[in-house]
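Below: the structure, in structure tokens.
The values are calculated or read from the model by the stated rules, or taken from the named source; none is laboratory data. Not measured: the values here are computed from a predicted model. Backbone-built Cβ (ideal geometry, glycine too); neighbour counts: all protein chains shown. When the accessible area is computed, the model is the full protein with side chains, heavy atoms only, and any ligands, DNA or RNA have been set aside. Shrake-Rupley method; radii C 1.70, N 1.55, O 1.52, S 1.80 Å.
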Amino acid sequence: MRLLLLACLRAKTGNATTAERIQSHLHAAGHICVLKDAFRYESPAEIASLTSADKFDAALAIHLYKGGRLLQGSRIPFGIIFGGTDINEDIKCEEKRRVMGEVLGEARFAVAFTMKMKELAATEWPDTRKKIYVQTQGIKTTPSETFDWYRFLQNADIPTDTDNLHVFLLICGLRRVKDPLYLVDVFSDWHRRDPSVHLGIIGPAVDPLFTNELKEKVKRAPGIHLLQEMPQDDLHAAVKRCFAVVNSSISEGMSAAILEAMDLDTPVLARNIPGNAAIIKHKDTGLLFSDPQEFVVLSKSLMNDPIMEREIVTRAKDYVKKHHSWECERKAYQTLVLRLQ
């Protein structure tokens, strides 16, 4: 089959990573899967002429609104993969909700990353319940063997001469919904009292205005470092070496950064929101905080209790192996796509 896969690629968000993974799953099954950036198209008419000119048999879109709206009224069959902000945020806007309902009605199937996401969509559009499948994200980590941790610290202006250094990494696209500013003040205050703790924020500048705001704030916040983007293999190696990975998002579909950290034996501290609570059991596979002060309390408990840290890391890795198998995800998409024939 010749398939068109629409996703928001320019922003380099989690949806772009998901798109590349799904593309590789479909290529492995012998399909031709062409990835296109949804941001480059304005209307369903543009996509209709693309699918007709390039002779696509079927289409997939990631994000029910951003990708899905372009397939409204499509002449070729299509499936939808929920992104996260579509079901968590866009659903609150009446016009977007109307469009998303119509798109979901036309789709042959939809994929939700979590049961919670499926329930939210099925409650809003009850007639579509039977066509929504739950498939968690598959995770595969590839830490670089040649990554230089000390050079990484030097480039980040983090002193390397301290014995008990604790580097926390917050990995996200720099935009408001990811809320990388959430912990800055409290973390910086903590750093003043304990210079061994540092927070590195790393990710693409998805929202340039917000990124400038973040840069200005970080300049005046000791212990906080805005880091250069890096290749995936190096990022995985940095995650493996850091003390903990942090997530402070307002809203999440399913954070690949959290799951990758679990797979790399690194503890996770995440904001207590539905998307994070769906993959982290508090004090079992990670730590969930409800405000910045609680983040510091939980971080200190993790630093002072290596036995708890080891137990959390072990259970988290087992959880990822069991529930986020890359092979199971591959099989699921290869089967689902047959519904588009």
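Assorted remarks:
- Only lysines eight or more places from LYS283 in sequence, or on another chain, were considered; those with a Cα closer than 16 Å are LYS300, LYS317.
- Using a probe radius of 1.4 angstrom, the carbon and sulfur fraction of the accessible surface of the chain is 49%.
- Packing-based ranking of 95-105, 156-166 yields 95-105, 156-166, ordered from highest to lowest mean Cβ neighbour count within 10 Å.
- Per residue, region 161-315 exposes 41 Å² of solvent-accessible protein surface, assessed with a 1.4 angstrom probe and all protein chains in place.
- Positive-end residue of PRO208, SER49, ILE91, charge dipole of the chain with Cβ unit charges: SER49
- Think of the chain as a dipole: +1 on every Lys or Arg Cβ, -1 on every Asp or Glu Cβ, centred on the Cα centre; then among LEU226, LEU336, VAL268, LEU336 lies furthest on the positive end.
- Highest to lowest packing among 115-121, 74-80, scored as the average C-beta count within 10 Å: 74-80, 115-121
- Links that overshoot a 28 Å alpha carbon limit, given the list LYS215/LYS240; LYS55/LYS131; LYS116/LYS240: LYS116/LYS240
- Rounded to the nearest 10 degrees, the inclination of helix 326-336 to the longest alpha-carbon principal axis of the chain is 20 degrees.
- Relative contact order of the chain, pairs being alpha-carbon contacts under 8 Å that are 6 or more residues apart, as %: 17
- With Cα atoms, 0 to 90° folded angle of helix 208-219 axis to the chain main axis: 10
- Here the chain is treated with +1 on each Lys and Arg Cβ and -1 on each Asp and Glu Cβ, and its dipole about the Cα centre works out to around 920 debye.
- Mean separation of Cα contacts under 8 Å (6+ apart) over length of region 198-323, as relative contact order %: 19
- Once the Cα atoms are used to define both axes, helix 184-193 deviates from the longest principal axis of the chain by about 20 degrees.
- The ellipsoid that matches the Cα gyration tensor of region 152-248 has semi-axes, each √(5λ) in whole angstrom, of 20, 17, 11, with the longest given first.
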